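The values are calculated or read from the model by the stated rules, or taken from the named source; none is laboratory data. Remember, predicted model here, so these are calculated numbers, not experimental data. FYI the Cβ positions are ideal-geometry reconstructions off the backbone, even for glycines, and counts take in every protein chain you see.
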Amino acid sequence: MERKIRVLIAKPGLDGHDRGAKVVARALRDAGMEVIYTGLRQTPVMVAEAALQEDVDLIGLSILSGAHLALVPRIFEELAKRGLETLPVFVGGIIPADDVPVLKQMGVGEVFGPGTSTQDVVAFIKESLGA
Amino acid sequence: MLSSRKAWGLDLGLESAALAGDRRALARLLSHVENGAAEGRAALAALFSRTGRAHIIGITGSPGAGKSTLVGKLAQEIRAYGRRLAIVAVDPTSPFSGGALLGDRLRMRELASDEGVFIRSMASRGHPGGIAHATRDVVLLLDAIGFPVVIVETVGAGQAQVEVARVAHTVVLVEAPGMGDDVQALKAGLMEIADIIVVNKADRPEAKQTVRALQFVRRDMGSAGHHGAGALQPATEPVVLGWDPPILQTAAIESQGISELWDAIQAHRRYLEESGAWDVLRKRHARAEVESWLQRHLMLLLEERIGELRMNEAVDRVLRREQDPATAARNLLGAALEPDRDPIA
Ligand SMILES: Nc1nc2c(ncn2[C@@H]2O[C@H](COP(=O)(O)OP(=O)(O)OP(=O)(O)O)[C@@H](O)[C@H]2O)c(=O)[nH]1
Ligand SMILES: [Mg+2]
């Protein structure tokens, strides 16, 4: 029986840069994971629907727009509506240091800023899934 | 099990929950099926009597031809008639890492918040035929759950990747100008399984040339060269004739030609039903399935009976050049099939 870690990498919000998200997606693939990449401008409903249909183990959100404090709670809300409130979520992007504890308080497992090594992301995922 | 995959609590209830429309239960069941887990096999066995109703449409063609974009638009067209549908999109697994980047959803964003559409991405997991080993079982489950239409998008395919013909009733081959121009190669495989041929990116002027090239190949093949979704049948069975694969043009990003494509797909289905080809196709699919399971069960049985020890001994004999591989295999088989061999040996 084959069992792979499945990760959703989503890019909610309105900014048009997905280079960082793609770098992470490729790094996770290279670490042996199956990465569902949904592209730019995902609404909270789209993120939650993709997580549900794809039965992912974990969600990575790339947010550069500065709207993280507004977006993240709405995404958690949509996840909860679908019974997915326990799915681990991490956030990558440009997040001011003051907002990191706020996001964690909301339920985000980890926040990765610019310049994070992709190895750290891989390690975080394996750790939070107990793999 | 990974920790996030907490016990469902009512794993036995997954099937009935999925049947009752619980999409999360369906998603989990699909994972079990994809992973070859016992829960998945049990669900398929229990739900099998409900299968056989869905129209299964295969979408194949060169990498980047626009398959996902087209599937997204086709799905919107089907939704306009109020029908629910499921999409299974296969992308390749990296042979180096075993991981995969599943990007087909990216081109189907209009469907992302429509609860009448269920999209599932699958990695090929090393299976060579353009779909994953478990794709057929995933499709069966979606059929059993009651989706009247299931679309399967293959890995961007070359000529040898024709396995979707074993799964689909209607195979649509998607090409685009400038990519499928190596038409001689197409002739060898994909053209033969295509029931409908689409030249996508018809917004580009070079599309006309691609259409002409494909028309030429089709004429060259004649209708005897067309086997459609039944292409992989045993050579002893007659090919059902009477369907000439049309060549259509679409510009998926501009939603051009989509309703014509849906019309052609439905015409093909009507043809299958009225000509009796539908039943022939189903019989072929069923036979191929039973044969493939027979092979799998047989291999497992033999491996178990032969055992690692005897296998290693045989390999050593071959290495020492005492026995050729064919003879070694035949001897192993003979020993494994002996009726009263010591079960503990
Ligand atoms: N000009 C033009 N471009 C298109 C059209 N349809 C799709 N594309 C573009 O072609 C590229 C590939 O489209 P996809 O839908 O991802 O193609 P695909 O065949 O699914 O690709 P793989 O799954 O990777 O094999 C994208 O950049 C699309 O925007 C079309 O009708 N016209
Ligand atoms: Mg695609």
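Residue check: A:GLU49 meets all listed conditions (1) touching a Lys or Arg at 6+ places or on another chain (Cβ under 9 Å); (2) surrounded by fewer than 20 Cβ atoms within 10 Å (Cβ to Cβ) but one, namely (2).
The number of residues in region B:135-154 being within 21 Å of B:PRO92 (Cα to Cα), more than 9 Å from the chain's Cα centre (by Cα) and part of a loop (DSSP other than H, G, I, E, B) comes to 0. Whenever a residue of region B:90-110 is under 9 Å from B:SER121 (Cβ atoms), its partners that are part of a loop (DSSP other than H, G, I, E, B), lying with C-beta atoms within less than 6 angstrom and at least six residues away or across chains, give the pairs B:VAL90/B:SER124; B:VAL90/B:ILE131; B:VAL90/B:ALA132; B:VAL90/B:THR154; B:VAL90/B:VAL155; B:ARG105/A:THR38.
Taking the conditions (1) crowded, with 23+ Cβ neighbours inside 10 Å; (2) within 23 Å of B:GLY72 (Cβ to Cβ) in turn, A:LYS22 satisfies each one other than (1).
The number of residues in region A:78-103 being exposed (fewer than 15 other Cβ atoms within 10 Å of the Cβ), under 16 Å from A:PRO44 (Cβ atoms) and among the hydrophobic types (A, V, I, L, M, F, W, C) comes to 1. Among residues that are in contact with a His (Cβ under 9 Å, 6 or more places away or on another chain) and in the same structural domain as B:ALA132 (by TED's automatic domain parsing), B:GLY58 is included. Filter region B:61-101 down to the residues that are more than 16 Å from the chain's Cα centre (by Cα) and within 11 Å of chain A (Cβ to nearest Cβ), then identify the one that is surrounded by the fewest Cβ atoms within 10 Å (Cβ to Cβ). Filtering region B:61-101 for residues that are more than 16 Å from the chain's Cα centre (by Cα) and within 11 Å of chain A (Cβ to nearest Cβ), the one surrounded by the fewest Cβ atoms within 10 Å (Cβ to Cβ) comes out as B:PHE96.
Suppose the filter is modelled with pLDDT of 95 or more and hydroxyl-bearing (Ser, Thr, Tyr); does B:SER68 pass it?
Values: modelled with pLDDT of 95 or more: yes; hydroxyl-bearing (Ser, Thr, Tyr): yes.
In short, yes.
Of the strands (runs of 3 or more DSSP E) contained entirely in region A:12-131, those carrying at least 2 residues that are away from chain B (no Cβ under 14 Å) fall at A:58-63, A:89-93, A:110-112.
For (1) free of Cβ contacts under 8 Å to residues at least 12 places away in the same chain; (2) over 19 Å from B:PHE118 (Cβ atoms); (3) not charged (D, E, K, R), each residue gets a yes or a no:
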position	(1), (2), (3)
A:GLY16	no, yes, yes
A:ALA21	no, yes, yes
A:ASP30	yes, yes, no
A:GLU34	no, no, no
A:LEU40	no, yes, yes
A:ALA50	no, no, yes
A:ASP55	no, no, no
A:ILE59	no, no, yes
A:SER62	no, yes, yes
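Here is a yes/no grid of residues against (1) closer than 20 Å to B:VAL90 by Cα; (2) more than 16 Å from ligand 2 (Cβ to nearest atom); (3) assigned to a helix (DSSP H, G or I); (4) modelled with pLDDT of 95 or more:
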residue: B:VAL164; (1), (2), (3), (4): yes, no, yes, no
residue: B:GLY178; (1), (2), (3), (4): no, yes, no, no
residue: B:VAL198; (1), (2), (3), (4): yes, no, no, yes
residue: B:GLN209; (1), (2), (3), (4): no, yes, yes, no
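The number of residues in region B:67-81 being assigned to a helix (DSSP H, G or I) and more than 12 Å from ligand 1 (Cβ to nearest atom) comes to 6.
Please tell me if A:LEU64 is surrounded by fewer than 17 Cβ atoms within 10 Å (Cβ to Cβ) and modelled with pLDDT under 95. Spell out how you get there, then give the answer.
Working: surrounded by fewer than 17 Cβ atoms within 10 Å (Cβ to Cβ): no; modelled with pLDDT under 95: yes.
So A:LEU64 does not fit the description; no.
Look at (1) at pLDDT below 95; (2) hydrophobic (A, V, I, L, M, F, W, C); (3) not in a loop (DSSP other than H, G, I, E, B) and you find that B:ALA132 fails only one, number (3). Residues of region B:84-99 that are in contact with a strand residue (DSSP E or B) (Cβ under 6 Å, 6 or more places away or on another chain) and not small (Gly, Ala, Ser): B:LEU85, B:ILE87, B:VAL88, B:VAL90, B:ASP91, B:THR93.
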